[in-house]
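The values are calculated or read from the model by the stated rules, or taken from the named source; none is laboratory data. From a predicted model like this one, the values you see are computed outputs, not experimental measurements. Heads up, the Cβs are rebuilt from the backbone with ideal geometry, glycines too, and the neighbour counts pull from every protein chain shown. These accessible areas exclude ligands, DNA and RNA; they are computed on the full protein's heavy atoms, side chains included. Shrake-Rupley method; radii C 1.70, N 1.55, O 1.52, S 1.80 Å.
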Amino acid sequence: MIETKTLANGIRVIVKQMEGLLSVSMGVLVGTGAAYETDAEDGISHFIEHMLFKGTPTRTAFEISDAFDALGAQVNAFTGKDLTCYYSKSTSDHAAEAFALLADLFLNACFPEEEMKREKGVVLEEIHMDEDSPEDLCLDLLSRAMFGNRGYGRNILGPAKNVEGFTREDLSAYRKERYCPDNIVVAFAGCIDVNEALDLAERYFGGMERTDFCERRKEVVTSAGNLFRKKPIEQAHFAIGFPTVAREDAGRPAVQVMNAVLGGGMSSRLFKKVREELGLAYSVYSYCSHYEETGQLTVYAGVNPAKAEDAFAAVRGTIETFVEGGVTEEEFLRGREQVKSGAIFSQENTSSQMLLYGKEMLYNRKVYDFERRMAEIAALRREDILRAIAQNFDFSRAAVASVGNLGGGLKL
């Protein structure tokens, strides 16, 4: 059972009741993230996400975490390019208490000065950790190589100098502009009565002041950039990015099946060729990121630096063979089943459902249609995948990023 409601202040609420379970996931989704930030704000969405856990007028940071633990509940948050989400998962008998805590930290965070000082140190360490994680660093560089220094090219963590300089006034101003009721969705999924969930949303979020929300335009430019970071590490990491379809494009299901065949699993072209046949990589895969205006199809590999050029050539060769020869009927059917099963598996996970239905309501102001999703996948034919291949692999538009102890960056 699925129910929706728009509160008087503009906050949208969606509830998916999932019978036969013993838990519920609840989230507050905000339509903001790194892609909406200015240069001076770069990193502020992520820093606000951290600071919302650091105290309210009635609870300290420790009391917030302690209260969730006392319920046996989980709580966390994440910041993306165009979404920030705060969420909790609890047993059904503690749903009301967990939601009250989640609402308190979201609505009443007061950004204590001492906590800000401490948390800046925490985020700076997170930035250092990202620098020391070559796979993450490589994929961050690829986003910048493809989208530039702004919009979807921004690193979610932001630069250290920005984080060090953020003030309470900066955080409050950004939250006031972006954390508006019209830009917020409250989502529930799991074993919870629909009316109870709607009442909880009304009780805690109904009093949030309605403010004028003016959407920012994101700067979206794609380019075939090439970025390299030399690091004295044991592996070399590289990624190739191709522009692909936007989130609501009719060709998205075909692109997802295409990606499954190319690099989505152990039977994929990339895995079989680069890892199993040539032994050039332990980790090699591809995935798609779809945004409002555009998308990115990423191919990644971690390899021995001495074999980096060979591995890079093998990945390119595999893609070229894929483009030239297309997919067999067997590959198409296997890829379609992988995409289908992934959608079905997510229906059995409360966290996945909370996020899936919440995002659809946030991005498109409508209820996610699972039956339509299944029908779109079932309607796909091999010819659709061949068309997607022809449209999505233009090497003249591809971006490249590499990290490692190499003489220079890898180039197409």
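Across segment 199-223, the number of residues qualifying as surrounded by 15 or more Cβ atoms within 10 Å (Cβ to Cβ) and part of a helix (DSSP H, G or I) comes to 5. When segment 96-120 is filtered for residues that are assigned to a helix (DSSP H, G or I) and open to solvent by less than 30 Å² (accessible area, probe 1.4 Å), the ones remaining, listed by number, are 98, 99, 100, 101, 102, 103, 104, 105, 106, 116, 119.
Which residue is least open to solvent (accessible area, probe 1.4 Å), if the candidates are limited to segment 146-186 and must be among the acidic types (Asp, Glu) and closer than 23 Å to residue 108 by Cβ? Quick ask: steps written out before the conclusion?
So in segment 146-186, the residues among the acidic types (Asp, Glu) come out as 164, 169-170, 177, 182.
Right, trim to closer than 23 Å to residue 108 by Cβ and you get 169-170, 177, 182.
Numbers: 169: 122, 170: 64, 177: 70, 182: 39 Å².
For segment 146-186, the residue satisfying everything is 182.
Here segment 238-276 is the region considered, the condition is being under 20 Å from the mean Cα position of the chain (by Cα) and among the basic types (Lys, Arg), and the residue that is least open to solvent (accessible area, probe 1.4 Å) is 247.
Each row is one residue, and each column tells you yes or no for (1) assigned to a helix (DSSP H, G or I); (2) closer than 30 Å to residue 182 by Cα; (3) at pLDDT 95 or above; (4) β-branched (Val, Ile, Thr).
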residue: 331; (1), (2), (3), (4): yes, no, yes, no
residue: 335; (1), (2), (3), (4): yes, no, yes, no
residue: 368; (1), (2), (3), (4): no, yes, yes, no
residue: 401; (1), (2), (3), (4): no, no, yes, no
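Identify the residue in segment 82-95 that is open to solvent by 30 Å² or more (accessible area, probe 1.4 Å) and among the charged types (D, E, K, R) and, among all such residues, is farthest from residue 42 (Cα to Cα). Walk me through it before giving the result.
Step one: list which residues in segment 82-95 are open to solvent by 30 Å² or more (accessible area, probe 1.4 Å), which gives 87, 89, 91-94.
Filter once more, so that each one left must be among the charged types (D, E, K, R): 89, 93.
Working: 89: 30, 93: 40 Å.
The residue in question is 93.
Of the residues that make up segment 187-198, is at least one on the phi > 0 side of the Ramachandran plot, crowded, with 20+ Cβ neighbours inside 10 Å and either touching a strand residue (DSSP E or B) at 6+ places or on another chain (Cβ under 7 Å) or modelled with pLDDT of 95 or more (or both)? Yes.
Could you check, for segment 42-54, whether at least one of its residues is farther than 27 Å from residue 363 by Cβ and open to solvent by 20 Å² or more (accessible area, probe 1.4 Å)?
Applying the first criterion (farther than 27 Å from residue 363 by Cβ) to segment 42-54 yields 54.
Subset that is open to solvent by 20 Å² or more (accessible area, probe 1.4 Å): 54.
Yes, segment 42-54 contains a residue that is farther than 27 Å from residue 363 by Cβ and open to solvent by 20 Å² or more (accessible area, probe 1.4 Å).
Each residue in segment 76-98 was checked for being more than 19 Å from residue 61 (Cβ to Cβ) and under 17 Å from the mean Cα position of the chain (by Cα), and 5 of them qualify.
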